[in-house]
Number of protein chains: 2
Amino acid sequence: MAKAKGTPKNMLIAQSGGPSSAINASITGAIARGMASTKIRNVLGAVNGMQGFLDRKIINISDQMKTSEDFDLLIHTPAHALRSSRYKIPKEGKEIYGKITEILKDYDIGYFFYNGGNDSMDTVNKLADFLREAGEDITAVGIPKTIDNDLELTDHTPGFGSAARYVATSAAEVYLDTCVYPAPAVTILEVMGRNAGWLTAAAALARDTGLPAPHLIYLPEVDFDPDNFIVEVTRLVEKERHILVAVSEGIHTADGNYLADTGAAVDMFGHKTLGGAATELEKLIKEKVKIDGIKTRAIQLSTLQRAAAHCASSVDLAESYQCGYRAVEAAVNGKTDIMITIARISDVPYVVRYDEGKLDDIANKEKKVPAGWITKGGTDVSEEMLTYLRPLVTGETSELLKNGLPRFFQFDLEKTVMPWEVK
Amino acid sequence: MAKAKGTPKNMLIAQSGGPSSAINASITGAIARGMASTKIRNVLGAVNGMQGFLDRKIINISDQMKTSEDFDLLIHTPAHALRSSRYKIPKEGKEIYGKITEILKDYDIGYFFYNGGNDSMDTVNKLADFLREAGEDITAVGIPKTIDNDLELTDHTPGFGSAARYVATSAAEVYLDTCVYPAPAVTILEVMGRNAGWLTAAAALARDTGLPAPHLIYLPEVDFDPDNFIVEVTRLVEKERHILVAVSEGIHTADGNYLADTGAAVDMFGHKTLGGAATELEKLIKEKVKIDGIKTRAIQLSTLQRAAAHCASSVDLAESYQCGYRAVEAAVNGKTDIMITIARISDVPYVVRYDEGKLDDIANKEKKVPAGWITKGGTDVSEEMLTYLRPLVTGETSELLKNGLPRFFQFDLEKTVMPWEVK
């Protein structure tokens with residue numbers, strides 16, 4: 001069916017990468033703006049990211065979100081409501097981009113949005129390039145998301161603040177738990193972050209509650225020195241008796257070996273046991289720290305830290321929503337090959353503006369913690385880091401509870417639509 | 001200094017056993033009632049339970065809590081504000097009870113309160129017996145506390161509801177995280193409870209959020225059958241693709257071996273690795289479940305579940321406060337050798353009354369989940385269980401936040417007092 005110039009088009013949104021508790025706030029903003037736009041007919045969603053899109057697993061979101069409560073609930077629902085995928089488009093992806101374009105045209109999609117991290121931005125970047133070269137009137141815009149906070153050009157990423165709030169809160173709480181017995185005790189909190197230590201650094205905010213914890217913070221940006229670790233733990237336990245150590249999952253020694261991979265443990269089936277960095281440090285303390293009666297406990301925050309919508313930062317949810325909302329505004333105004341970014345104007349009072357970054361400058365890059373923000377020989381973070389982090393975790397979550405438990409919005413992901421149903 | 005009959009006496013409170021996020025609500029209630037009573041002069045606290053008491057580590061709480069905000073903050077501070085101990089009074093403890101009595105008299109204490117679980121109630125019981133036999137005019141009253149919910153005579157225990165709320169909330173959240181990728185996936189959530197499965201059962205409340213998780217629930221009250229586990233996981237993953245398993249740390253096979261102890265893994269120093277029950281189940285699935293591409297993840301809720309004041313149940317905090325408050329009321333009215341209990345009058349609307357239980361009937365006993373409340377061959381819990389659990393997790397926590405992070409009350413535990421300072 002041929003359309004006149006200016007005829008409304010469909011928009012499609014998909015999600016990719018690892019979960020966060022704010023990723024659905026971003027699509028909520030995009031969906032809301034899309035449903036209100038005269039340039040957009042239907043808001044479509046692909047299930048399981050690009051992988052599902054290629055299988056034409058496409059639902060009509062405009063048909064599934066009816067009440068304002070649906071929108072409120074979606075904002076507070078953790079993990080990809082549209083599901084995710086680990087699918088990476090092959091380097092020589094011309095054929096794939098051709099297939100993507102074919103499906104986009106089949107469904108009369110004029111605006112394509114991908115909500116994810118570095119890899120996802122690479123996909124949008126390549127797709128936008130392809131569409132432009134092919135002369136297609138389809139825009140492709142990225143919406144940032146990652147608890148790792150490692151995207152370039154943006155002050156911080158949607159999802160980071162909520163995970164940071166959970167990490168800081170949990171660090172404070174488990175430190176208090178660590179202190180209750182007279183025996184000397186070390187708790188090691190393992191935080192996500194393979195290459196970038198932003199989220200682990202957020203544990204330092206626990207000190208804002210008036211506690212002295214964490215006492216040691218290890219980020220993957222600095223080579224980990226086991227001997228120095230033993231010296232520091234011994235010194236601090238002798239001085240403070242109860243200490244908390246925050247550690248990134250990705251810490252590694254100078255030779256590049258990840259701590260999490262060094263465990264030679266083999267289970268009853270002969271499989272190598274993946275201990276995790278904290279478990280390795282626990283073993284190291286048990287072996288090397290000679291303090292009578294010392295108790296050591298490793299805690300992996302695991303997927304709890306990225307799914308804990310009940311501890312989300314309302315600042316983060318609001319910003320995540322805005323990134324989705326503004327991506328749609330930009331796209332209907334003809335922008336393509338960009339990602340919405342957040343620029344910080346002021347720390348106190350906390351003020352940001354939204355901007356647009358070229359995907360070429362974002363895709364496949366990783367923003368790490370600056371060396372100057374890591375202090376005390378790689379065992380702590382600077383005041384600049386705390387000033388940077390503080391506004392991101394603020395704001396109580398206004399959860400929508402029922403009998404004390406959360407409520408979620410869920411799409412009917414089986415209810416896929418055919419192209420002619422959305423023409 | 002001799003006192004006339006009716007002269008106010010000091011009261012002393014101490015805490016013992018494992019932490020919870022509501023234990024300080026109980027001492028807040030006791031302190032508030034004590035400070036308001038004309039029969040009580042000073043509210044004293046022993047640091048590190050009976051162990052610290054025997055070392056005369058006694059602080060004057062009346063001097064340290066000044067504002068209503070102090071009381072509000074203490075209610076919301078997790079883990080023992082007065083610290084705990086693992087000290088158990090020896091069976092033949094006459095000598096110890098003599099020493100305790102001597103310190104009680106030295107500090108002119110007329111009312112002794114111990115806030116803890118089964119072991120702590122045994123201590124109070126023996127002390128109360130000793131005091132009565134010795135003709136001392138000192139009462140000893142127990143204030144219940146345990147996230148395990150395993151105390152007899154009380155419908156449930158202070159601290160349980162908050163931990164249950166955290167477990168149910170986290171179960172729902174990590175299940176959503178489990179679902180995001182197309183690959184089949186199993187998440188195994190390990191919950192505290194060595195002999196009683198109450199807290200693990202609370203994961204079933206995640207279904208009240210509209211989710212199908214958890215799919216399997218294993219309590220220590222039922223012998224664990226590894227073969228049946230493999231059959232059930234295989235069946236459910238083939239049917240549902242993504243599943244959540246909730247498991248008590250204390251599950252064991254019919255021969256009495258704890259799953260958590262069966263790991264033959266040895267680390268790089270030749271130490272046995274304590275895997276935890278969930279980690280053992282993860283290994284079992286990796287070895288025995290033959291489903292292509294299946295991903296398995298074990299998550300230990302560790303001390304997070306008992307320290308998560310940010311996810312406390314306000315019903316639990318209010319009840320915990322009441323138990324402390326009423327313990328003091330009972331004591332000043334001459335009651336001794338009792339523990340405050342909660343009796344449930346009605347599920348919907350939820351109504352309780354507070355009562356007193358004889359310590360002889362509580363000490364050293366463990367209330368387990370009734371067999372009739374465990375269903376589906378030991379893989380689920382009944383509707384009676386859900387009806388029992390629901391009111392306990394209700395109520396949003398009214399945290400006292402500063403910049404999005406919790407605030408805590410902390411005693412100056414070093415500021416101990418001598419007997420003549422509180423005469």
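The values are calculated or read from the model by the stated rules, or taken from the named source; none is laboratory data. Note that the structure is predicted; figures quoted are calculated from it, not measured. In this analysis, Cβ positions are derived from the backbone assuming ideal geometry, glycine residues included, and neighbour counts consider all displayed protein chains.
Answer with yes or no whether B:Leu413 is aliphatic (A, V, I, L, M), surrounded by fewer than 19 Cβ atoms within 10 Å (Cβ to Cβ) and closer than 30 Å to A:Thr387 by Cα.
When the stated conditions are applied, B:Leu413 does not pass them.
Of the conditions (1) in contact with a Cys (Cβ under 9 Å, 6 or more places away or on another chain); (2) of a type outside the set (D, E, K, R); (3) more than 14 Å from every other protein chain (Cβ to nearest Cβ), B:Val43 clears all except one; give me its number.
For B:Val43, the failing item is (1).
Could you tell me which numbered condition A:Ile345 fails, if it satisfies all but one of (1) on the phi > 0 side of the Ramachandran plot; (2) free of Cβ contacts under 8 Å to residues at least 24 places away in the same chain?
Unmet condition: (1).
Please determine whether any residue of the stretch B:359-377 is under 30 Å from B:Lys91 (Cα atoms), outside any helix (DSSP H, G or I) and in contact with a strand residue (DSSP E or B) (Cβ under 7 Å, 6 or more places away or on another chain).
yes
What is the one condition in (1) closer than 19 Å to B:Tyr321 by Cα; (2) modelled with pLDDT under 95 that B:Ile40 does not satisfy?
(2)
Would you mind stating whether A:Thr169 is modelled with pLDDT of 95 or more and among the polar types (S, T, N, Q)?
yes
Restricting the search to the stretch A:275-303, which residues are of a type outside the set (Val, Ile, Thr), part of a helix (DSSP H, G or I), at the interface with chain B (Cβ under 9 Å from one of its Cβ atoms) and surrounded by 24 or more Cβ atoms within 10 Å (Cβ to Cβ)?
Result: A:Glu280, single match.
So if I check each of B:Asp412, B:Asp355, B:Asp360, B:Asp380, which one is closer than 30 Å to B:Ala246 by Cα, more than 10 Å from every other protein chain (Cβ to nearest Cβ) and of a type outside the set (Gly, Ala, Ser)?
Within the list B:Asp412, B:Asp355, B:Asp360, B:Asp380, the selection yields B:Asp380.
Going by the structure shown, is B:Thr7 of a type in the set (S, T, N, Q) and surrounded by fewer than 24 Cβ atoms within 10 Å (Cβ to Cβ)?
So B:Thr7 passes the test.
Picking from A:Ser21, A:Ser85, which residue would you name as being modelled with pLDDT of 95 or more, in a loop (DSSP other than H, G, I, E, B) and within 12 Å of chain B (Cβ to nearest Cβ)?
Going through A:Ser21, A:Ser85 in turn, just one is modelled with pLDDT of 95 or more, in a loop (DSSP other than H, G, I, E, B) and within 12 Å of chain B (Cβ to nearest Cβ): A:Ser21.
Go through the residues of the stretch A:134-141 one by one and say whether even a single one is among the polar types (S, T, N, Q), away from chain B (no Cβ under 14 Å) and more than 23 Å from the chain's Cα centre (by Cα).
There is at least one residue in the stretch A:134-141 that is among the polar types (S, T, N, Q), away from chain B (no Cβ under 14 Å) and more than 23 Å from the chain's Cα centre (by Cα).
Out of the residues in the stretch B:95-136 meeting the condition of being of a type in the set (S, T, N, Q) and part of a helix (DSSP H, G or I), tell me which one is farthest from B:Ser21 (Cα to Cα).
Filtering the stretch B:95-136 for residues that are of a type in the set (S, T, N, Q) and part of a helix (DSSP H, G or I), the one farthest from B:Ser21 (Cα to Cα) comes out as B:Thr101.
Can you name the residue in the stretch B:46-63 that is in a loop (DSSP other than H, G, I, E, B) and in contact (Cβ under 8 Å) with a residue 24 or more places away in the chain and, of all such residues, is nearest to the other protein chains (Cβ to nearest Cβ)?
B:Asn48
Which one of B:Ile59, B:Ile40, B:Ile103, B:Ile96 is under 26 Å from the mean Cα position of the chain (by Cα), not acidic (Asp, Glu) and not assigned by TED's automatic domain parsing to the domain that holds B:Tyr166?
It is B:Ile59.
Tell me, please, whether a residue that is surrounded by fewer than 17 Cβ atoms within 10 Å (Cβ to Cβ) and modelled with pLDDT of 95 or more can be found in the stretch A:105-118.
For the stretch A:105-118, residues surrounded by fewer than 17 Cβ atoms within 10 Å (Cβ to Cβ) and modelled with pLDDT of 95 or more: present.
Only one residue in B:Ala14, B:Ala30, B:Ala79 is in contact (Cβ under 8 Å) with a residue 12 or more places away in the chain, surrounded by 24 or more Cβ atoms within 10 Å (Cβ to Cβ) and assigned to a helix (DSSP H, G or I), so which one is that?
B:Ala30
Hey, among A:Ala308, A:Ala327, which residue is of a type outside the set (S, T, N, Q), within 14 Å of another protein chain (Cβ to nearest Cβ) and surrounded by 24 or more Cβ atoms within 10 Å (Cβ to Cβ)?
Being of a type outside the set (S, T, N, Q), within 14 Å of another protein chain (Cβ to nearest Cβ) and surrounded by 24 or more Cβ atoms within 10 Å (Cβ to Cβ) holds for just one of A:Ala308, A:Ala327, which is A:Ala308.
Restricting attention to the stretch A:64-76, which residues are among the β-branched types (Val, Ile, Thr) and either surrounded by 15 or more Cβ atoms within 10 Å (Cβ to Cβ) or within 9 Å of another protein chain (Cβ to nearest Cβ) (or both)?
Once the filter is applied, which keeps residues that are among the β-branched types (Val, Ile, Thr) and either surrounded by 15 or more Cβ atoms within 10 Å (Cβ to Cβ) or within 9 Å of another protein chain (Cβ to nearest Cβ) (or both), the stretch A:64-76 yields only A:Ile75.
What number goes with the only condition from (1) more than 25 Å from B:Asp148 (Cα to Cα); (2) touching a strand residue (DSSP E or B) at 6+ places or on another chain (Cβ under 9 Å) that B:Asn403 does not pass?
Every listed condition holds for B:Asn403 apart from (2).
Would you mind stating whether A:Glu152 is of a type outside the set (Lys, Arg) and modelled with pLDDT under 95?
Answer is yes for this residue.
State whether one or more residues within the stretch A:379-395 are within 20 Å of the chain's Cα centre (by Cα), surrounded by 14 or more Cβ atoms within 10 Å (Cβ to Cβ), modelled with pLDDT under 95 and part of a loop (DSSP other than H, G, I, E, B).
Yes; the residues of the stretch A:379-395 include at least one that is within 20 Å of the chain's Cα centre (by Cα), surrounded by 14 or more Cβ atoms within 10 Å (Cβ to Cβ), modelled with pLDDT under 95 and part of a loop (DSSP other than H, G, I, E, B).
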